[in-house]
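Undergrad: After the structure tokens below, expect a handful of questions from me.
What follows is calculated from the coordinates using simple rules that are stated; it is not laboratory data. Computed from a predicted model, the values in this text were never measured in an experiment. When we count neighbours, we look across all protein chains shown, and the Cβ atoms used for this are built from the backbone with ideal geometry, even at glycine.
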Amino acid sequence: MSKTNTIINSIPTTQIKPINAEAVNYLSWFMADANNLRHWSSQLFSNNVDTSNPYMLELKESALKTITELEDDLIKIKYFLATYVPSNNN
């Protein structure tokens, strides 16, 4: 075996996993939903909140809907992570 063949044969091969666009979308949606919930929650749980104000009821409904969407996003993200099998480099 020549020196060139030894060097080429000792280079580890790299396995490249293609991007999972659907998983990336769910991560983006999760981040947007979490940011919306943070914004609305700060208004809902602040001082001097008028609970008879219809706007506060709309914020509450929006926050509850966003929590449902966050839960869905988390389920999808967990699924993508469960199906992801990293290569064993040991």
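Undergrad: Taking the simple approach of a point 7 Å from Cα along Cα-to-Cβ for both Ala34 and Asn20, what is their distance in nm?
TA: Result for the modelled spin labels: 1.7 nm.
Undergrad: Taking the beta-carbon count within 10 Å as an exposure proxy, list Met31, Met56 from fewest neighbours to most.
TA: Ascending number of Cβ neighbours within 10 Å: Met31, Met56.
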